[in-house]
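Participant: The structure that follows is given in the form of structure tokens.
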Amino acid sequence: MKTERVKADDYRSVYVVGDIHGCYDELMGKLNSLDFDKKQDLLVSVGDLIDRGPESLKCLSLIEEPWFKCIQGNHELMAYTAITRKSTWFDFWYKHGGEWHRDLEDAKEAERLILDAIKLPHVIEIERRGTKTVVCHADYPLDKYDPEATDADDYDCLQWGRHRIEKRIPLKQNAKIEGADLFIFGHTPQSEILKSHNQIFIDTGACYTEGYLTVINLDEYITC
């Protein structure tokens, strides 16, 4: 499990964005409305920058920005698997929104960025104002957070899992995850932000007709 630790007290504000899925213009509009300052603020993404939306390449290029940090989502993993294995994974990826890659006149830049994206962490820990926030793409497999635990090394759960949000219904029956103050997940589209104990789920389906992109100010959640 690749983990990146971010000491975030020096940032004016820290924001976390749900699955962007190629919705670059919507993201920029959100940041403008928040008066996001690239020199003072930080944006953390739960992953799935690409596929389904209209501007995947622009979204993928965000990983090179100093004001942006990102989790590796399952769509980045699909893209990487396709371009490196040159197998039936292309069909799988394209069926799940990767057709933008097929339509590129020159895919070299996209594939360079995809190879960089596979180096992204599976977990980002944000230390801010005496609290610890853990950002994962899909789920965290244990009831207590431990970045050193070998049985937490479950990429299927971290990048694909929906156990907490689908298997424990109603959501309020979820158990608190020990070991951090707050956990933030994306991956599973919902009509609005969902909260359960110390967990929030912020994928609100930006790439779908009835969906929208969610960007939260971390301070509003670590102080409530």
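Read-outs throughout are calculated quantities, based only on the coordinates presented, and are distinct from any laboratory measurement. Quantities reported herein were computed from a predicted structural model and do not represent experimental measurements. Note that we place each Cβ from the backbone using ideal geometry, even for glycine, and neighbour counts take in every protein chain shown.
Participant: Just name one of Phe183, Tyr11, Trp67: the one whose Cα is farthest towards the positive end of the charge dipole of the chain (beta-carbon charges, Lys/Arg +1, Asp/Glu -1).
Facilitator: Positive-most Cα among the choices belongs to Phe183.
Participant: For every helix of n ≥ 4 consecutive DSSP H residues, a contribution of -39,500 (n - 2.57) applies; sum these over the chain, divide by its total residues, and give [θ] at 222 nm rounded to the nearest 500 deg cm²/dmol.
Facilitator: -6000 deg cm²/dmol
Participant: If you don't mind, there's one more thing I want to ask. Would you kindly give the portion of the calculated P(r) for segment 1-44 that falls above 15 Å, as a percent of all Cα pairs?
Facilitator: Numbers: 467 of 946 pairs.
Across segment 1-44, Cα pairs with separations above 15 Å total 49 percent.
Participant: Would you kindly derive the ³J(HN,Hα) couplings of segment 15-27 from the backbone phi angles with the Karplus curve 6.51 cos²θ - 1.76 cosθ + 1.60 (θ = phi - 60°), listing them in order in whole Hz, with x for Gly and Pro?
Facilitator: 10, 10, 10, x, 4, 7, 6, x, 8, 5, 4, 5, 4
Participant: Treat every Asp and Glu Cβ in segment 3-222 as -1 and every Lys and Arg Cβ as +1, leave all other atoms uncharged, and give the resulting dipole magnitude about the Cα centre to the nearest 20 debye.
Facilitator: It comes to approximately 360 debye.
Participant: Name the residues whose placed amide hydrogens come within less than 5 Å of the amide hydrogen of Val44, ignoring near sequence neighbours (fewer than 5 apart) on the same chain.
Facilitator: Long-range HN contacts for Val44: Tyr15, Val16, Val17, Lys69.
Participant: If I take all pairs of Cα atoms in the chain, what percentage of them are more than 30 Å from each other?
Facilitator: Everything past 30 Å amounts to 19 percent.
Participant: Among Tyr15, Tyr80, Tyr208, which one moves the most in a GNM of the chain with springs linking Cα atoms closer than 10 Å?
Facilitator: Comparing Tyr15, Tyr80, Tyr208 in the GNM, the peak value goes to Tyr208.
Participant: Counting Lys +1, Arg +1, Asp -1, Glu -1, what net charge surrounds Asn198 among other residues with beta carbon under 10 Å of its beta carbon? Don't jump to the answer; show the numbers that get you there.
Facilitator: Numbers: positive: Lys176, Lys195; negative: Glu178, Asp181.
Residues close to Asn198 contribute a combined charge of 0.
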